[in-house]
Amino acid sequence: MSLDTNLPDEPFARPPAPLAAFLNRLSGLRYQDLGPSLLAGLGCLLIVVVALTLILTQRLAQLQQEGRFDAAPSAHNGRAPVSGPLTPDEFTLAPDAVRQLDAMSAQIFNDSIPFSDLPIQPARPFIMSPTDIVQYSRAVDCMTAAIYYEAANETPQGQAAVAQVILNRMRHPAYPNTVCGVIFQGQERSTGCQFSFTCDGAMNRPPSAEGWARAKAVATAALNGSVAADVGMATHYHADYVSPYWAERLVKLRKIGVHIFYRWTGAWGQRFSFSRQHSGDEPVIAKMALVTTPMEALDAPIDPNLIPEPQIEVDTTPLVVAPIHRDPLPEPETVAPAPQPQAAPPPTPAPTATNPLASPTEQRPRRGRIPVPSGW
């Protein structure tokens, strides 16, 4: 019995004939054989591949970064992770939303949460139309109160960051679309309001004139196009001496002064989600009467036809013109004429010789001035 070593060809041992022909042709090409159009096409293809690679790498890094913040809480967190979609009411500084830590321990815990290394997208400028002075004044007053009671001791940069958070919320679909509505959201609660000064009794403390003026300057600038680019699309912040449970569930952006700023994860934290427009109708906040003077309503416009014509009294007393006394003008001083230079005497004609034989009375005949024909 002999061993048959002639095994049948495997179907995938060799490439198909068309592919083998293409590979043989491609391997035999030289640089000189490549035309300009083929080189241009290969270059464009290479650029597209590199660009797609960079985009996919950045997107994967973003998903990995956001997945890190959406992970389960660490061992320091005593609460169970919250399932389901994020809601703004969960992200407050209510007592049950903050870890029971002292200021030093809270700062240490906050420092353990890493900052995001993703680029910060600055918000678009917001300019509130001042055509309706009542609505504009309400927005300025509410913004001023938030800046004063939340960041009175912060630098202008820190105060502008707080104002930017308010404007970002106003543009986000998860919050009211007015300045005062964002600031006083949840004010009816005893705890758990969105901005703690609106429900903890801080507004019973009258503001200082200097601090209020500083806060109003920042508020006015924010409502007229000023942008705090350092905090980007931040919608949350808290002081570094407290440690809320929700800090690990958001993207940590920046720390300015004592405040740490965060944004939403995923699409909610991207710039395209902040697309809502201001409603133009600021709500009336009763608590604002504690810190601001109510604005008086403007008088109704007056019909010009109802305005009486002014009565003009004409004085008929004759006008007496008093003579004007003028002093005589002084006589002009006589100026002696300058001496004229004397003309030189004419030269004395030279003496002529006389005929001693001529009679003294004889005169020579004078020649006429009219020429007479000679007769030649």
Which whole-Hz couplings ³J(HN,Hα) result when phi for each residue of the stretch 259-275 is put into the Karplus expression 6.51 cos²θ - 1.76 cosθ + 1.60, θ = phi - 60°, listed in order with x for Gly and Pro? 9, 10, 10, 9, 10, 5, 8, x, 5, 4, x, 8, 5, 5, 7, 9, 10
Inter-site label distance for Arg99 and Gln270 at 7 Å from Cα along Cβ, in nm: 3.2
What ³J(HN,Hα) values, in whole Hz, does the Karplus curve 6.51 cos²θ - 1.76 cosθ + 1.60 give for the stretch 195-207 when θ = phi - 60°, with x put for Gly and Pro? 10, 4, 5, 7, 9, 9, x, 5, 6, 6, 8, x, x
Hey, with R₀ at 41 Å, roughly what FRET efficiency would Ala217 and Ile108 work out to, going by the Cβ-Cβ distance, to 0.05? 0.70
Run down the lysines and flag those whose C-alpha is under 25 Å from the C-alpha of Lys216, throwing out any fewer than 8 positions away in its chain. Lys255, Lys287
What net charge is computed for the residues neighbouring Pro122, neighbours being all others with C-beta under 14 Å from the C-beta of Pro122, Lys and Arg scored +1, Asp and Glu -1? +4
Amide H neighbours of Ile256 under 5 Å, at least 5 residues apart or on other chains, H built in the peptide plane: list them. Phe261
Report the label-to-label distance for Val48 and Asp200 in nanometres (one decimal), using points 7 Å from each Cα along the Cα→Cβ vector. 5.7
Put a dot 7 Å past each Cα toward the Cβ at Val258 and Asp117; how far apart are the dots in nm? 3.2
Show the residues, 5+ positions off or on another chain, whose built amide H is closer than 5 Å to the amide H of Gly232. Ala123
Add +1 for every Lys or Arg and -1 for every Asp or Glu among the other residues with Cβ under 15 Å from the Cβ of Pro156, and state the total. -2
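Readers should treat all values here as calculations from the given coordinates under stated rules, not as data from a laboratory. All values derive from a computational prediction rather than experimental measurement. Neighbour counts are summed over all protein chains in view; Cβ atoms, including those assigned to glycine, are modelled from backbone coordinates with ideal geometry.
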